[in-house]
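Here the structure comes first, spelled out in structure tokens, and everything after it is commentary.
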Amino acid sequence: MVAIVKTGTTTLRCGGALIRPNFVLTTAYCASLPNTSDTEVMVGNNNLTRESPSIFAGVKEIRIHKGYDPQSRKNDIALLKLTYDLRIQQPAVDIINIRESAFPVTAICNLTGWGSRTWNGKSPGRLQRLELSAVDYVICSWILKQPIEVGQFCGGGKEGENGCFLDEGDPLVCDGELAGIMSYSISCGINNKPSVYTEVFKYRDWIDATIESMNSAAATSLSSCISTAMPVALVSYWKSRA
């Protein structure tokens, strides 16, 4: 579980899931918030604090799914590449695996995050966990009065037992595997309205390809820097020998 906060503070912006030692999976909505460049992530502590054992890392690069629609929240998924491998400071950092099959509609899953339990409220500052069950697509669409897109599913729907404000990006874990990240919640479960999740299993190919692309771009950039710097260094060396 990752808290996405304003740099140098504990001001919560969103949640996320650490799926690689230096990659966080979150929603496109979270990655599109204003001043995203002024963002870092926190891991290693159930309390939202800058004190030990909290570990913080900056965000080096952001990739948002090209098909993201901010109105319907279709393809609401993004990757954050961190400035360093978190295992350097915490070798036992928890990395969660993505499910290799569709969301288990009969399962009871856990949503974790630091979000508020009331709409437009404040974070309680301590990690919370809720047990949620799936809600049928047709029923969910009827309750919310809007379509549920491909790559989305619904869960929860009770006041006080539902994803809420600042829970966007929070991981929904089923049987120890990442099944979804919270996309949005309408009224925090009031009137039995479920929250909507991005089903990460259906984006495995995009996730793998995007991570490979981001790593390749970094490797190419490093190679270019080395190839440019080496001749300059050699010239300087031979001049010093002359």
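The condition of being surrounded by 13 or more Cβ atoms within 10 Å (Cβ to Cβ), in the same structural domain as Thr26 (by TED's automatic domain parsing) and assigned to a loop (DSSP other than H, G, I, E, B) holds for Ser72. Among the residues here, Gly115 qualifies as touching an Asp or Glu at 6+ places or on another chain (Cβ under 9 Å), part of a loop (DSSP other than H, G, I, E, B) and in the same structural domain as Ser185 (by TED's automatic domain parsing). For the range 30-67, a residue qualifies if it is more than 14 Å from Val2 (Cβ to Cβ), crowded, with 19+ Cβ neighbours inside 10 Å and touching a residue at least 40 places away in the same chain (Cβ under 8 Å), and the qualifying residues are Arg63, His65. Restricting the search to strands (runs of 3 or more DSSP E) fully inside the range 171-213 and requiring at least 1 residues that are basic (Lys, Arg) and more than 18 Å from Asn75 (Cβ to Cβ) gives an empty result.
The single condition among (1) surrounded by 13 or more Cβ atoms within 10 Å (Cβ to Cβ); (2) within 24 Å of Thr7 (Cβ to Cβ); (3) more than 16 Å from the chain's Cα centre (by Cα) that Val135 does not meet is (2).
Only one entry in Glu100, Glu61 is outside any loop (DSSP other than H, G, I, E, B) and either out of contact with any helix residue (DSSP H, G or I) (no Cβ under 7 Å at 6 or more places or on another chain) or on the phi < 0 side of the Ramachandran plot (or both), namely Glu61.
Considering only residues in the range 157-201 that are of a type in the set (Ser, Thr, Tyr) and more than 15 Å from Trp114 (Cβ to Cβ), the one that is surrounded by the fewest Cβ atoms within 10 Å (Cβ to Cβ) turns out to be Ser187. Listed by first and then second residue, the pairs linking a residue in the range 155-175 that is at positive phi to a residue that is outside any loop (DSSP other than H, G, I, E, B) and small (Gly, Ala, Ser), with Cβ atoms under 7 Å apart and 6 or more places separating them unless they lie on different chains, are Gly156/Gly189; Gly156/Ser195; Gly157/Gly189; Gly160/Gly189; Gly169/Gly15; Gly169/Gly16. The condition of being in contact (Cβ under 8 Å) with a residue 60 or more places away in the chain, of a type in the set (S, T, N, Q) and either crowded, with 20+ Cβ neighbours inside 10 Å or closer than 22 Å to Asn35 by Cα (or both) does not hold for Asn110. Only one of the numbered conditions (1) out of contact with any Gly (no Cβ under 7 Å at 6 or more places or on another chain); (2) assigned to a strand (DSSP E or B) is violated by Gly15, and that is (1). Considering the conditions (1) touching a Cys at 6+ places or on another chain (Cβ under 8 Å); (2) under 19 Å from Pro104 (Cα atoms), Leu130 is excluded by exactly one of them, (1).
The values are calculated or read from the model by the stated rules, or taken from the named source; none is laboratory data. As the structure is a computational prediction, the values presented were derived from the model and not from experiment. No Cβ is skipped: glycine too gets one built from the backbone with ideal geometry, and neighbour counts run over all protein chains shown.
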